[in-house]
Every structure is written in C-alpha cells, then in structure tokens.
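The structure under discussion appears below in the form of structure tokens.
The values are calculated or read from the model by the stated rules, or taken from the named source; none is laboratory data. All values reported here derive from a predicted model rather than from experimental measurement. Every residue, glycine among them, receives a Cβ derived from its backbone with ideal geometry; neighbour counts consider all protein chains shown.
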Amino acid sequence: MTLDLKEISKDYYFLVNRPDMLERAKELGYEHPILVNGELDEDDIRYLQGSGKAVLFYFYDADYDIEELPGLPASHWIEKVVKQISQADISRRFVAAQCSDIRAENDQDELAIKTAEDNIRYFPTVKETDKYMADKGLIWSTDYENLCGNCREYLEEGEKYCSRCGTKRGEGKFAPYRNEMYAVYGPVMVGFYSCKHCGHKWTKSRLGGTYARYCPECGSSEICKEKEDLDEAWKRTMRD
C-alpha cells in the first residue's frame, strides 16, 4: 500500500499531491489528509473501494492547463492516478479538483491560481470543501436553506408551505441526503394554480410538466390547476 489509509469519520478521503498542501490541510483541520506521491497500487484501490467513502484528489501542478482536457499529458503520474481512481468501482464517488474548482462557487471574483504560493493562500477550508462535495452529490448533505424539510422540494422565495407535500417551511425531518443529479428533458411548462381556501394564486415552472398538491401560502390541499401552458421562451423558440 502506497497511501497512509486508515478509518475516518468523515464522508470522504482528502488526497493531495504536494507536501505543502498536506501541511496546509492539517492546519485547516482536515481529517487525516493523505499525500499522494505517485501511482496507486492494488491495495490502495481495494481499500478505497471497501471503505464506502468518497474520494477527493485535490492537486496542484504548475504545468496543468485548465483550458485543455486532459490538463496534463496522459503519461503524467497525476493523470494516471485520476484514471486509476475514476475507473475503479468508486468512480461515482470520486472527484479530482483544483483550488479554483472548489473556491469558484464561494468567491465572486475569478481566482487566478498561477503559483504554488497562490494555491496555499487560497486553499479551501473544510467547510468550503464539504459544500463542494455535497453539491456534487458525493457526500451526505443537510442543506435545507431553500428546500422542504420533508421532501426536499425547492421552495420559492416567500412560499410558506411546500406545494408538493404541504409541510410548513422550516419544519420536517431534515434527513441527510445526497444531491443526486438526474437527466431531465422536455419543454418548460408553466402551471397556473389557485387556492379555494385562501384565494392565493401562483404559477409554477418545471421541465416536462408541473404539479402542486398544496397551497404554498396557507398549506390547504383545496387547490385547483387552472391551466398549464408552454413557457413563453419555449413558444418563441418553437416559432423561430
């Protein structure tokens, strides 16, 4: 085994490719960050497969060209490690990333990581990396800021109740979940709804079709779908 692997409580192993990155990760409080010096052996792969954990290979290389894929020659050991892990059974729970990948969603300004010093200066915190991994659906998330606490339906600004299951905003089981991504296709439809109980009227947009079973204002199930139609942008696209 080439990696210093052991049991951890975290949902993912944090792998880095430079000693300065390893020290910075320890300073920031990452749980057991691991230095990768070269290609993995069969025992490394087998351990990672059996751990049930996600893997984040966080790397920096001055020769990496972010505009080209792959960013390094196929013969480079970093590209070989990426290929090794991505082709293993843990491929769905693996990601290779640079600083700009993780920090881009947390910074308004685009980061220019041009030197090893920049890489350490902008090294992501554990919180930022956790969010990055959760957003990709690779680890469990409990982010319910704009989601129903019961069914995780997206809640529009101002909605007091979930229109899908009727749970009041801010209430529910708040169970940990993976942010799985699905392939959804079809025209954008707009549904026009009204509540027989409080009179509230609202619209809901969704790919392929809309649905609502509860009023987002009062939580009543006495609602009516008045009509459903193609989104105006889709109408213009079809006309053109």
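Some observations on this one:
- Here the condition is being aliphatic (A, V, I, L, M) and modelled with pLDDT of 90 or more; of I85, I120, I113, it holds for I120 alone.
- Filtering K196, K227 for residues that are at pLDDT below 95, more than 25 Å from the chain's Cα centre (by Cα) and not assigned by TED's automatic domain parsing to the domain that holds D130 leaves a single hit, K227.
- Qualifying residue in segment 174-193 (condition: in a loop (DSSP other than H, G, I, E, B), at pLDDT 95 or above and more than 22 Å from the chain's Cα centre (by Cα)): no
- Residues within segment 24-60 that are over 19 Å from A88 (Cβ atoms), assigned to a helix (DSSP H, G or I) and touching a residue at least 24 places away in the same chain (Cβ under 8 Å), tallied: 3
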